[in-house]
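The values are calculated or read from the model by the stated rules, or taken from the named source; none is laboratory data. If you're wondering where the values come from, they're calculated on a predicted model, not measured in any experiment. A quick note on method: Cβ atoms are made from the backbone with ideal geometry, for glycine too, and the neighbour counts reach across all protein chains shown. In case anyone asks, the SASA skips ligands and DNA or RNA and just uses the protein heavy atoms, side chains included. Shrake-Rupley method; radii C 1.70, N 1.55, O 1.52, S 1.80 Å.
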Amino acid sequence: MPLLATPLAFPDIHPDGFPALPSEPPFDPARHLALEMPETIVSLGELGYSAAEQAACPSMLGITSAFRILSEEGVACLQEVARNLAPYARKIERISRMVRGGVYQSKFLRDFCCSADVADLISRISGAPQFPHSIPHQLGHLNYNPQTVGENVDKWHVDTLRLDYVLFVTDPNLIEGGEFDYFQGTKGELEQLKITGQPVPAARVKSPAVPGAGYAVLQQGNMVVHRARALHSAGERITLVNGYVPADLSIEDFTRFDQLYLADPEHIAASEYARHIAWWGQQLLTSQINDPAFTADRSQIARRLEQVSRLLGDAAGQIRTAETARMEHFGDQ
């Protein structure tokens, strides 16, 4: 049976630059959630990943069909919050209008993104226990349509974390364009297409049908290449991306801090990442203290300690060299 971590609570201290919304509805899971299971799941194997690549992942899940998370009332409340956060939208190389860190500004958004009921659903779908992400900026990322019609909402990319859902805050059926697409293949294949200057084959671009606002697709974001297309005419398109951390302590951490550093405020990014790493290292050490696994196999004991050492060393290296990174994506092809 795997050793499981204890979830990390949201920090009590909030950073400068994230003023609280003056008014918002309180989150009530009984009224605002309408949880359903997806009808279909595309596995990593079906996307073309090898057995070795799959073994390094916490789940065999690639991407799901759309499934419901929010009730109609929940949709209305989230729309209100997202629209009130829109004035804080920023631009990065990949995305024209986004809000990250909104969970510091909105208690509704924070409570929704940290919902244990939703995390339980995500765990059941993925087949492995999951926690809401311990890096606050990986919770409740909001994407808004660009103000220029014809500009993609987001370029082809993979995510900086393992598991996340993309939730449609607004109804995608009320606008022209703006589809969420994923590539039916591996990220290695798309990298080769980019290197050789070939377009993504249209037959391998898949767009899950989305019944309406409040529905989401769950994906292994660092393995599934995806994008958000441009709107063909003026309209409103808002999506929310919420991240999760596998609870199994044997799974190696996957956080691309070099990419987060390019997207998030400098006075926050390293601190949030270091807190996440310190928590994961603490959990590993606590498991060794509470479960010393009395054995003559010294290599087994050494490996458990080396896992902590490697975790801390890799994280320190990422923090030191982050300013040399370039934002990674596969473009608009």
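Does the range 162-169 contain at least one residue that is open to solvent by 20 Å² or more (accessible area, probe 1.4 Å) and out of contact with any Cys (no Cβ under 8 Å at 6 or more places or on another chain)? Within the range 162-169, not a single residue is open to solvent by 20 Å² or more (accessible area, probe 1.4 Å) and out of contact with any Cys (no Cβ under 8 Å at 6 or more places or on another chain).
As for the range 203-217, it holds at least one residue that is touching a Leu at 6+ places or on another chain (Cβ under 8 Å), surrounded by 23 or more Cβ atoms within 10 Å (Cβ to Cβ), in a strand (DSSP E or B) and modelled with pLDDT of 95 or more. Among residues that are among the hydroxyl-bearing types (Ser, Thr, Tyr), out of contact with any His (no Cβ under 6 Å at 6 or more places or on another chain) and free of Cβ contacts under 8 Å to residues at least 12 places away in the same chain, Thr196 is included. Beta carbons closer than 7 Å, at least 6 apart along the sequence or on distinct chains, pair a first residue in the range 246-262 that is open to solvent by 10 Å² or more (accessible area, probe 1.4 Å) with a second that is of a type in the set (D, E, K, R) for Pro246/Arg162; Phe254/Arg162; Gln259/Glu328.
Residues in the range 103-122 that are among the aliphatic types (A, V, I, L, M) and farther than 19 Å from Ile13 by Cα: Ala116, Val118, Ala119, Leu121, Ile122.
The set of residues in the range 108-159 that are more than 25 Å from Pro58 (Cβ to Cβ), open to solvent by 10 Å² or more (accessible area, probe 1.4 Å) and in contact with an Asp or Glu (Cβ under 7 Å, 6 or more places away or on another chain) comprises Asn145, Asn152, Lys155. Determine, yes or no, whether Thr239 is of a type in the set (S, T, N, Q), within 23 Å of Leu44 (Cα to Cα) and either in contact with a His (Cβ under 6 Å, 6 or more places away or on another chain) or touching a residue at least 12 places away in the same chain (Cβ under 8 Å) (or both). Answer is no for this residue. Pairing residues of the range 1-19 that are in contact (Cβ under 8 Å) with a residue 40 or more places away in the chain with residues that are β-branched (Val, Ile, Thr) and surrounded by 11 or more Cβ atoms within 10 Å (Cβ to Cβ), at Cβ distances under 7 Å and at least 6 apart in sequence or on separate chains, gives Pro15/Ile268. Of the set (1) under 30 Å from Ser309 (Cα atoms); (2) in contact with a Pro (Cβ under 8 Å, 6 or more places away or on another chain), all apply to Asn222 but (2).
Just one of the listed residues (Ser287, Ser309) is farther than 30 Å from Arg94 by Cα and open to solvent by less than 60 Å² (accessible area, probe 1.4 Å), namely Ser287. Selection within the range 195-242: residues that are of a type in the set (A, V, I, L, M) and in contact with an Asp or Glu (Cβ under 6 Å, 6 or more places away or on another chain). The member of this set that is nearest to Leu161 (Cα to Cα) is Val241.
Do the conditions hold for Gln198, that is, is it surrounded by fewer than 16 Cβ atoms within 10 Å (Cβ to Cβ), part of a helix (DSSP H, G or I) and more than 22 Å from the chain's Cα centre (by Cα)? Considered against the rule, which asks whether it is surrounded by fewer than 16 Cβ atoms within 10 Å (Cβ to Cβ), part of a helix (DSSP H, G or I) and more than 22 Å from the chain's Cα centre (by Cα), Gln198 comes out as no. If you go through the range 10-50 and keep only what is of a type in the set (A, V, I, L, M), open to solvent by 60 Å² or more (accessible area, probe 1.4 Å) and over 24 Å from Cys77 (Cα atoms), you end up with Ile13, Ile41.
Residues in the range 44-58: is at least one over 30 Å from Asn290 (Cα atoms), modelled with pLDDT of 95 or more and in contact with a strand residue (DSSP E or B) (Cβ under 6 Å, 6 or more places away or on another chain)? Yes, because at least one residue in the range 44-58 is over 30 Å from Asn290 (Cα atoms), modelled with pLDDT of 95 or more and in contact with a strand residue (DSSP E or B) (Cβ under 6 Å, 6 or more places away or on another chain). Hey, can you tell me all the residues within the range 155-189 that are part of a strand (DSSP E or B), touching a residue at least 60 places away in the same chain (Cβ under 8 Å), within 27 Å of Gly127 (Cβ to Cβ) and of a type in the set (D, E, K, R)? Once the filter is applied, which keeps residues that are part of a strand (DSSP E or B), touching a residue at least 60 places away in the same chain (Cβ under 8 Å), within 27 Å of Gly127 (Cβ to Cβ) and of a type in the set (D, E, K, R), the range 155-189 yields only Asp164.
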